[in-house]
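Read the structure below first, then the notes.
All of the numbers you see were taken from the coordinates with simple rules; none came from a lab. Since the model is a prediction, treat every value here as computed from it, not as a measurement. Cβ sites come from the backbone with ideal geometry, for glycine too, and all protein chains shown count toward neighbours.
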Amino acid sequence: MDKGSADVWLAGVDGCPAGWMVAFIRTGEAEVRLRIVARFNEIFSAVEAPAIIAVDMPIGLPERAGKGGRAAENAVRPLLGARQSSVFSVPARGAIYATDYRAACRLALAASDPPRKVSKQLFNIAPKIREVDEALRAEPGFVARVFEVHPEVAFWRLNGGRALTQPKKVKSRPYAPGLVLRRELLRAAGLPKDAVDAAPPDGAGADDLIDALACAAVARRIHAGAAKPFPDPPERDKFGLPMAIWA
């Protein structure tokens, strides 16, 4: 998707404890602005008005979930080697919209083949998945601007199509060697050193900032026409939302 050579703003977005960690990047000057917003739809009205938003969150929800989740998850896992467990399986829409964990598991079991419950980790981010889903269904014009990204797939691409061997976290704590490696890849991709080495804003962790920058790197590749979706072409959910991970 070539948006031309105009100097425009793009955005890489990752969920964080305070809401959404956003890395706005300007194409012509490689300027980066780091900001936290409370709600996903605030990004569309930001002063930067990003032409492309690359977000680390599922877009497009299945009515029934197959083995391993959507085709998008199954397409990228083989690329990641030991890191493929970082790509979780997206359950059926009904489970995502359940606000009680037991109900989410019951709905997921009834709408998956083979039957599968919802993990606590996925249930905890379900409100953010709903935010993205609701924003795109409420404003169909947003769909052409928003792309699903997975940071580990982004780093696979930035690492020359080779899976990373170092995790970002070990036992839920930041893992310095993995963070150093990812920062090196972001700098090599041309992201400004001051942004890559910045302390995360209050309400976000170092991994949230790094993941938002990785998403911004993919947004730049999408803008340049150098990214591709997995699968290609994307599947669509019942509302026409694309189900693909871009890298």
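For this structure, a couple of remarks:
- The range 1-64 and the range 126-149 have Cα centres spaced 12 Å apart.
- With Cα atoms, 0 to 90° folded angle of helix 206-223 axis to the chain main axis: 80 degrees
- For K67, the lysines whose Cα comes closer than 16 Å to its Cα, not counting residues fewer than 8 places off in the same chain, are K117.
- Computed over the range 74-113, relative contact order equals 30 percent, with contacts defined as Cα pairs under 8 Å that lie 6+ residues apart.
- Three-way shape label, the range 182-247, alpha-carbon gyration tensor, a/c 1.5: oblate
- Cleavage-rule hits (chymotrypsin sites (Phe, Trp or Tyr not before Pro)) in the range 174-247: DSSP loop, at most 16 neighbouring Cβ within 10 angstrom: Y175, F239
- Within a straight-line Cα-Cα reach of under 19 Å, K193 can be paired with the following aspartates and glutamates, leaving aside sequence neighbours fewer than 8 residues apart in one chain: E29, E31, E184, D207, D208, D211.
- Rounded to the nearest 5, the antiparallel percentage of DSSP beta bridges internal to the chain is 70%.
- From its DSSP helices (H runs of at least four residues, each -39,500 (n - 2.57)), the chain gives a residue-normalised ellipticity at 222 nm of -10000 deg cm²/dmol.
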